[in-house]
Amino acid sequence: MVDVLPRRIAIRRGVQLETLTVVWMAVEAALAIGAGVAARSVLLTAFGADSVIELLSGLTLLWRLRVESAGGDD
């Protein structure tokens with residue numbers, strides 16, 4: 001029989017780390033887009049747009065980890 005306690009601890013830690021990552025990416029995207037618009041820099045604005053794409057990916061992973069931490073889809 002597989003011990004599920006280490007897995008649950010790992011998933012909980014994954015949720016914590018991914019939450020931190022999502023917050024970081026949201027701040028990064030907002031600052032980059034804001035600075036890019038203020039400076040009229042296409043490159044900086046594009047970097048912010050890329051950060052939004054990474055943010056969507058992080059949100060998807062966070063959603064998946066939260067579903068699994070709640071006991072769904074073990």
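The values are calculated or read from the model by the stated rules, or taken from the named source; none is laboratory data. What you see is a predicted model, and the numbers here were worked out from it, not measured in a lab. Here Cβ is always computed from backbone atoms with ideal geometry, including for glycine, and neighbour counts include all displayed protein chains. Accessible surface is based on the protein model in full, side chains and every heavy atom, while ligands, DNA and RNA are left aside. Shrake-Rupley method; radii C 1.70, N 1.55, O 1.52, S 1.80 Å.
For region 36-67, a residue qualifies if it is out of contact with any Asp or Glu (no Cβ under 8 Å at 6 or more places or on another chain), within 30 Å of Arg7 (Cα to Cα) and open to solvent by less than 40 Å² (accessible area, probe 1.4 Å), and exactly one does: Leu55. Gln16 falls short on exactly one of the conditions (1) more than 20 Å from the chain's Cα centre (by Cα); (2) open to solvent by 90 Å² or more (accessible area, probe 1.4 Å), and that condition is (1). If you go through region 5-39 and keep only what is in contact (Cβ under 8 Å) with a residue 12 or more places away in the chain and farther than 19 Å from Ala49 by Cβ, you end up with Arg8, Ile11, Arg12, Gly14, Val15, Glu18, Thr19.
Restricting Ile33, Ile11 to residues that are assigned to a helix (DSSP H, G or I), at pLDDT below 95 and either among the small types (Gly, Ala, Ser) or surrounded by 15 or more Cβ atoms within 10 Å (Cβ to Cβ) (or both) narrows the list to Ile11.
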